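Comments concern the structure below.
No lab work stands behind these numbers, since they all come straight from the coordinates. Since the structure is predicted, the reported quantities are computational estimates derived from the model, not experimental observations. When we count neighbours, we look across all protein chains shown, and the Cβ atoms used for this are built from the backbone with ideal geometry, even at glycine.
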């Protein structure tokens, strides 16, 4: 998910070409107070005008506690944003309040109720503690994300390269998202020139269970995708596992062995996930299969 | 020597006289002075530029030429023109291989009637702007590097006097774009374009700030072609002639275009063991070299040669053994110049060898792949590299049409938009390279293949590289930028863009 400042028309005009899975137009922290209205208008017109192709369109709005939150939601729902991202989510009530505003806007602009999805960014200790309640607060919610900068400030610590200060929050968010059966997206890595560390961090959060990572520069997309893309070896193995499992199913047998290892349900699920990722990342193409 | 009957019979048969020492005035007397004294006494060095000009026989109305290997650091053109103006010359015809920002002082010489006509590959900066506004009575004629070489060879451009700057020259005229004696004050590497001038000009004056010992070999320009040598304070500003290695772009658009282009090359059908290539010096086309390098290593593919404007990136491929030979008509950066000086598989070539349109064997015709940048491309694949979106002259034809016509696969790279201007559009301002010689366009928002090359489109699609009709790319750009207003062109023709054979491709009009 690529962050795009909502006040930068040059970046908005072709943000979709770099191959990120989602775009997050930001009306919040990257836009100064005096440009809030202009950015809202700009993102509205960009969403109405530009064909962003297969990229999912997310807008990070200002919190409802600010004078801009309500107008942001109205404009973005009207513009047809697919997902509204709520920043600094602390409680389930924040989600419910936001949902009410979205629903009101959907009614106002004749948009089917429920079409606009939501994403919640957890950026503080209270949000982490309430992660599961937040993740299950609304059927519109498709993902929760970690916002590390605010979280670290709130925790009275700072960000380190190895990320020990984030370990608990990351774990809590992954577990909450999995329990709620929604996606979880990791925070940004802000040193755009340090690709090696970006790769290390991405490998670590993938291992924790995250579905994806936020990026702030198009140059970070490729390294992140590389980490998440299954290798040809993993893909081949997944294919063999699924073939063995289908064969076992045909024979009416629940368990099967492959290369001397037992293939049970979790192994099959992991193999399916590998292939899903492989197709999504275009590491393999369905029509290529034999 | 016995001068018997047989000797005289042989003389009669050959219709020759017998050798008598000192008899033939055309033979030089044996001279026992040491070389160092001879160099001091019998060299081609003339005490001043004025003297060299007098000796060259330059007259009003004649054609003079320069090379552009010193790029924006060049001091030669301005120095010579100031001198000629002071000496009272008028109506001179200039035929430099190219002009750049630094040549703005020519405006005054044009206004004062010292210069009446200019033929060049390119023009930039204040001079270009003034020409676009109608400074000259005679339109500026633009030729490609190959077109210029052919025009000179066929005497369509007759160079009366060539003024050629050199980073080093020995007292007899062996000149180079670098020095093998200690540190040169400035280096430009290849003298490829200047070599044609040296060969065909009636009179050749080398200007240098670095006289070195004889023989300055291997030479860029042979002493055989040089008439006079003039010492100048400096031939140019070293920091503007070239610096380090051309740096890789970190612009994500450039990188994306470069990576897509590399993928296009790999799957085009022209990526095989022993293929040949040329890439330009623009951000994106330079970065192609880097991505292609990875693909060459991964697939164990080597190139037989790389051509062109050589960059440090290409030198790296030579040194890593991924490319076997470099043919260098122009060195783009210090790394390239150093390599030309030190690596015997890095060969200096002249513009005729590079791109003469009438020679089947010209190096451009041996290219499998060329990657070229563009200011604008139209839906017929015509390319403009000469005039900006404001209609002002601001570029150079260079080897663009030569390499596009020569290479088996000509790939043009260009962002879909620059700022608010669409770069893929229905019509380009100025046609520099005709669309029938352009095969693939790679933009940051998609790849288009010329319908003349369906087999290439098929190969790319088979490799899951999405091919988009060029009209669709143009529409996509227009949807965001809107349709630009027509430019305020007047009726005066200020520039003529010629094709490689001298035929007229397009006209450039003045801006009101």
Segment A:1-111 - share of DSSP beta bridges that are antiparallel (%, nearest 5): 0
Stokes-Einstein D in µm²/s, Kirkwood radius over Cα pairs - segment B:213-298 at 37 °C with 0.692 mPa s viscosity: 198
Antiparallel content of DSSP bridges confined to chain A, in %, to 5: 10
Relative frequency of Cα-Cα separations exceeding 18 Å in segment B:144-294, percent: 66
Whether segment A:51-194 is rounded, prolate or oblate, judged on the alpha carbon gyration tensor where a/c under 1.5 counts as rounded: prolate
Computed over segment B:365-424, Kirkwood Rh from alpha-carbon pairs, angstrom: 12.1
Order of B:142, B:345, A:228 - criterion: other Cβ atoms within 10 Å of each residue's Cβ, fewest first: B:345, A:228, B:142
Cα shape, segment B:15-85, gyration tensor, a/c 1.5 rule: prolate
MRE, 222 nm, helices only [DSSP H, n ≥ 4, -39500 (n - 2.57), over chain A, to nearest 500]: -14000 deg cm²/dmol
Exposure proxy order (Cβ contacts within 10 Å, fewest to most) of B:403, A:116: A:116, B:403
Shielding by partners - mean other protein chain Cβ count within 10 Å, residues of A:211-219: 1
Residue among A:267, A:83, A:224 with the largest mean-square fluctuation in a Gaussian network model of chain A, springs linking Cα atoms under 10 Å: A:267
Base-10 log of normalised Debye intensity for segment B:101-229 (one unit scatterer per alpha-carbon) at q = 0.09, 0.11, 0.22, 0.23 Å⁻¹: -0.31, -0.46, -1.21, -1.24
Alpha-carbon gyration tensor eigenvalues x 5, square-rooted, for segment B:214-356, Å: 31, 18, 12
Beta bridge orientation in chain B: antiparallel %, DSSP, nearest 5: 30
Chain B: angle of helix B:5-14 to the longest principal axis, Cα-based, in degrees nearest 10: 40
Calculated over segment A:37-91: convex hull of Cα atoms, volume per residue (Å³): 76
Calculated [θ] (222 nm, deg cm²/dmol) that DSSP helices of n ≥ 4 give over chain B, each run adding -39,500 (n - 2.57): -8500 deg cm²/dmol
Residue order, fewest to most surrounding Cβ atoms within 10 angstrom, among B:380, B:503, B:167: B:503, B:380, B:167
Computed E for residue B:234/residue B:436 - FRET, C-beta separation, R0 56 angstrom, nearest 0.05: 0.80
Whether segment B:20-163 is rounded, prolate or oblate, judged on the alpha carbon gyration tensor where a/c under 1.5 counts as rounded: prolate
Peptide B:476-484, shielding by other chains (average Cβ, 10 Å cutoff): 2
Viscosity 1.567 mPa s, 4 °C: Kirkwood-radius Stokes-Einstein D of segment B:457-507 over Cα pairs, µm²/s: 86
Shielding of A:7-15 by partner chains, average beta-carbon count, 10 Å: 3
Mean Cβ neighbour count within 10 Å, used as a protection proxy, ranking A:161-167, B:21-27 highest first: A:161-167, B:21-27
Cα-only Debye scattering, the protein assembly as shown: base-10 log of I(q)/I(0) at q = 0.04, 0.05, 0.06, 0.10 Å⁻¹: -0.25, -0.38, -0.52, -1.09
Euclidean distance between Cα centres, segment A:235-280 to segment B:285-320, Å: 42
Inter-part distance where segment A:99-136 and segment B:204-277 are each reduced to a Cα centre, Å: 59
C-alpha center-to-center spacing [segment A:142-161, segment B:112-146] in angstrom: 60
Residue B:358 versus residue A:262: modelled label distance in nm, points set 7 Å from Cα along the beta carbon direction: 8.5
Kirkwood Rh in Å, taken over all unlike Cα pairs in chain B: 24.3
D_trans [Stokes-Einstein, Kirkwood Rh over alpha-carbon pairs] for chain A, 4 °C, 1.567 mPa s, µm² s⁻¹: 64
